[in-house]
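Undergrad: Handing you this structure, nothing more for now.
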Amino acid sequence: MASVLSLDQGTTSSRALLFSAQGAVERVAQQEFEQHYRRPGWVEHDPEELWQSQLASAKAALGGAGEVACLGITNQRETTLVWERETGRAIHPAVVWQSRQTADICESLRARGLEESVRAKTGLVIDAYFSGTKVRHILDAVDGAQERAERGELCFGTVDSWLVYKLTGGRVHATEPSNASRTMLYNIHTRDWDDELCAALGVPRAMLPQVFPSSGSFGETDPEVLGRALPITGIAGDQQAALFGQGCHAKGQAKNTYGTGCFLLMNTGAQAQTSENGLLTTIAWQLGDEVHYALEGSVFVGGAVIQWLRDELGIIQDAAESEGIAASVSDTQGVYVVPAFTGLGAPHWREEVRGLITGLTRGAGRAHIVRAALESIAYQVGDLVDCFGQDSGQSINALQVDGGASANDLLMQIQADVLGAPVVRPSNLEVTAFGAALLAGLGAGVWQDASELKGVIQEDARFEPQMTDERRTELLSGWRAAVAQACVSSPLHS
Ligand code: ADP
């Protein structure tokens, strides 16, 4: 039986995973690449290095493999590239999603009153995070680029488009809706590039990729590139791929990824839900003509608060140790950590707020602070889930989890307690790569229906809420008071 190759192009490394027809991971290859910080706040990747690292890991995963039916791609989202259509040479470094170099362009879009239009058409807020202003930056930074783009000599693409172009030997310039919906140039309702937004940013249509469904044919790899011609049949941005890989295929299902930050996505079905709480509306995937939308929210400081305990406070040796230390006390004795290191996101949206620790008493020690830090992750995710509930009118039945910090059983139990809903962790945490493989396998007919692979993402652990409602209310009101205190004591509070 044929396997499926999944390329997982992330922010710090390029990975390739070969999945068997039964959905098991057969091989994994990975290569890291360099981060470039030319100026404060700028983050860039070398497009050629990014491609070469992905190519090397794809070749390593394919080496000696038997029949491979197709290839899927999942990728760091929003990261922006511009290259020459003829030669495939990038004209500028890839501007990475984290990069803040287009804050000024965003400010000018706001000044022109485009906020409402962006929100209504793209489901996004105007932010340097998204690709549109990054394309503008590149066209401004490179002499003659604007004219060349107008003449159709340049291609814009997110990382998926770049990989497809390279894999097909420059024959295909394409993307799909989950990536396109992060560009701020794509109307998620009409499912087309938006003329008003493209004009506002001076991005000519001639440089935009064709948008195909997330699962289906994107073209074939050039045999010279990978040593074999593989149909590319599935693509999704990393967070949407994880939602798909977690099996959240139905309306109301949600997953949270606990990494450095946390990314919570809820499938809202065929309906695009507009948020009143600062969540983003995005396309989850398009299968055939059928589109699934998602609401998305993020916690800026998730697992990063554990890194902070380790690197700045020095009170733990490694992230995993946080679990045992926190478990050595039964509660935090009223200590709360508000890790608003870079401000507060949804539902507060207070950029200027900074972190604090409240409720310290003479008896409060290391274990209480570690526990409070872990709890802060769960409270922030809980606040997001509340926003989702208000916006979608639906409560979460169970939360599917993945990402590095989801390995922490205590955190998962606290999360279930805070939500008052079960938290379900799969045994295979490769859900992102699996999601892309699944989209590709469905697109190529390896599988007829996602339900055929239901058994692949096995439940490893299920955390049921154990806390009384009374205790939950007490803890949550303590958390809210701590957040309110952080807001009041912020240096710019007026
Ligand atoms: P990313 O993809 O953002 O790099 P990962 O999914 O690799 O993140 O997760 C790493 C993050 O998870 C780090 O911030 C780390 O502090 C945290 N983390 C890893 N293991 C644990 C653990 N056992 N308990 C708590 N946090 C953890």
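Undergrad: Evaluate the following for GLY237: is it touching a strand residue (DSSP E or B) at 6+ places or on another chain (Cβ under 7 Å), modelled with pLDDT of 95 or more, among the small types (Gly, Ala, Ser) and more than 16 Å from the ligand (Cβ to nearest atom)? Steps first, answer last, please.
TA: Working: touching a strand residue (DSSP E or B) at 6+ places or on another chain (Cβ under 7 Å): yes; modelled with pLDDT of 95 or more: yes; among the small types (Gly, Ala, Ser): yes; more than 16 Å from the ligand (Cβ to nearest atom): no.
Here the answer is no, as GLY237 does not meet what is asked.
Undergrad: Hey, among the residues in region 11-20 that are crowded, with 17+ Cβ neighbours inside 10 Å and either at pLDDT below 90 or of a type in the set (Phe, Trp, Tyr) (or both), which one's nearest to the ligand (Cβ to nearest atom)? Step through it out loud before you land on a result.
TA: Applying the first criterion (crowded, with 17+ Cβ neighbours inside 10 Å) to region 11-20 yields 11, 14-19.
Next, from what is left, pick out any that are either at pLDDT below 90 or of a type in the set (Phe, Trp, Tyr) (or both): 11, 19.
Working: THR11: 8, PHE19: 20 Å.
If we take residues in region 11-20 being crowded, with 17+ Cβ neighbours inside 10 Å and either at pLDDT below 90 or of a type in the set (Phe, Trp, Tyr) (or both), then THR11 is nearest to the ligand (Cβ to nearest atom).
Undergrad: Still on this model: Among the numbered criteria (1) modelled with pLDDT of 95 or more; (2) surrounded by fewer than 23 Cβ atoms within 10 Å (Cβ to Cβ); (3) touching a Phe, Trp or Tyr at 6+ places or on another chain (Cβ under 8 Å), which one does GLU375 miss?
TA: (2)
Undergrad: Follow-up question, since we're still on this one. Is at least one residue of region 62-82 of a type in the set (D, E, K, R), free of Cβ contacts under 8 Å to residues at least 40 places away in the same chain and either outside any loop (DSSP other than H, G, I, E, B) or closer than 21 Å to GLN210 by Cα (or both)? I'd like the intermediate steps shown before the answer.
TA: Initially, region 62-82 is screened for residues of a type in the set (D, E, K, R), giving 67, 77-78.
Checking the rest, the ones that are also free of Cβ contacts under 8 Å to residues at least 40 places away in the same chain come to none.
So far as region 62-82 goes, no, none of its residues is of a type in the set (D, E, K, R), free of Cβ contacts under 8 Å to residues at least 40 places away in the same chain and either outside any loop (DSSP other than H, G, I, E, B) or closer than 21 Å to GLN210 by Cα (or both).
Undergrad: Which residue pairs have Cβ atoms closer than 6 Å, lie 6 or more positions apart in sequence or on different chains, and pair a first residue in region 249-263 that is in a loop (DSSP other than H, G, I, E, B) with a second residue that is more than 7 Å from the ligand (Cβ to nearest atom) and of a type in the set (Val, Ile, Thr)?
TA: Filtered contacts from region 249-263: GLY261/VAL299.
Undergrad: Okay, next question. Of all residues in region 311-361, count the ones that are assigned to a loop (DSSP other than H, G, I, E, B), open to solvent by less than 20 Å² (accessible area, probe 1.4 Å) and either out of contact with any Gly (no Cβ under 6 Å at 6 or more places or on another chain) or hydroxyl-bearing (Ser, Thr, Tyr) (or both). Steps first, please.
TA: Taking region 311-361 and keeping what is assigned to a loop (DSSP other than H, G, I, E, B), we get 314-320, 328-335, 339-340, 342, 345-349, 351-355, 359-361.
Then drop every residue that is not open to solvent by less than 20 Å² (accessible area, probe 1.4 Å), which leaves 316, 332, 335, 339-340, 345-346, 353.
From what's left, either out of contact with any Gly (no Cβ under 6 Å at 6 or more places or on another chain) or hydroxyl-bearing (Ser, Thr, Tyr) (or both): 316, 332, 345.
Total meeting the criteria: 3.
Undergrad: If we keep just the residues of region 286-310 that are touching a strand residue (DSSP E or B) at 6+ places or on another chain (Cβ under 9 Å) and in a loop (DSSP other than H, G, I, E, B), which is farthest from the ligand (Cβ to nearest atom)?
TA: Checked region 286-310; the qualifying residue farthest from the ligand (Cβ to nearest atom) is GLY288.
Undergrad: Scan region 236-254 and tell me whether some residue there is farther than 28 Å from ALA405 by Cβ, in contact with a helix residue (DSSP H, G or I) (Cβ under 6 Å, 6 or more places away or on another chain) and crowded, with 21+ Cβ neighbours inside 10 Å. Please lay out each step first, then the result.
TA: First, pick out the residues of region 236-254 that are farther than 28 Å from ALA405 by Cβ: none.
The answer is no; no qualifying residue exists.
Undergrad: Please count how many residues of region 327-341 are within 14 Å of the ligand (Cβ to nearest atom) and either farther than 15 Å from GLY365 by Cα or under 28 Å from the mean Cα position of the chain (by Cα) (or both).
TA: Filtering region 327-341 for residues within 14 Å of the ligand (Cβ to nearest atom) gives 327, 337, 339, 341.
Within this subset, residues satisfying the condition of being either farther than 15 Å from GLY365 by Cα or under 28 Å from the mean Cα position of the chain (by Cα) (or both) are 337, 339, 341.
Qualifying residue count, region 327-341: 3.
Undergrad: With the condition kept exactly as written, say whether any residue in region 360-376 is more than 16 Å from the ligand (Cβ to nearest atom) and of a type in the set (A, V, I, L, M). Explain how you work it out, then say what you get.
TA: Let us first name the residues in region 360-376 that are more than 16 Å from the ligand (Cβ to nearest atom), namely 360-365, 368.
Retained after the next criterion (residues that are of a type in the set (A, V, I, L, M)): 360, 364.
Yes, region 360-376 contains a residue that is more than 16 Å from the ligand (Cβ to nearest atom) and of a type in the set (A, V, I, L, M).
Undergrad: Which residues, taken from region 121-161, are assigned to a helix (DSSP H, G or I) and either of a type in the set (Lys, Arg) or under 18 Å from the mean Cα position of the chain (by Cα) (or both)?
TA: Here is the first cut: in region 121-161, the residues assigned to a helix (DSSP H, G or I) are 121-122, 131-141, 145-150, 159-161.
LYS121, THR122, SER131, GLY132, LYS134, ARG136, ARG148, VAL159, ASP160, SER161, listed by residue number.
Undergrad: If you take the residues of region 278-292 that are aliphatic (A, V, I, L, M) and touching a helix residue (DSSP H, G or I) at 6+ places or on another chain (Cβ under 8 Å), which of them is farthest from ALA450 (Cα to Cα)?
TA: In the first step, residues of region 278-292 are kept if they are aliphatic (A, V, I, L, M); the result is 279-280, 283-284, 287, 291.
In the following step, the residues that additionally are touching a helix residue (DSSP H, G or I) at 6+ places or on another chain (Cβ under 8 Å) were identified as 279, 283-284, 287, 291.
Details: LEU279: 28, ILE283: 18, ALA284: 15, LEU287: 11, VAL291: 15 Å.
The extreme case among them is LEU279.
The values are calculated or read from the model by the stated rules, or taken from the named source; none is laboratory data. Quick caveat, the model's predicted, so the values are computed rather than measured. In this analysis, Cβ positions are derived from the backbone assuming ideal geometry, glycine residues included, and neighbour counts consider all displayed protein chains. Areas reflect the complete protein model, heavy atoms only, side chains present, ligands, DNA and RNA absent. Shrake-Rupley method; radii C 1.70, N 1.55, O 1.52, S 1.80 Å.
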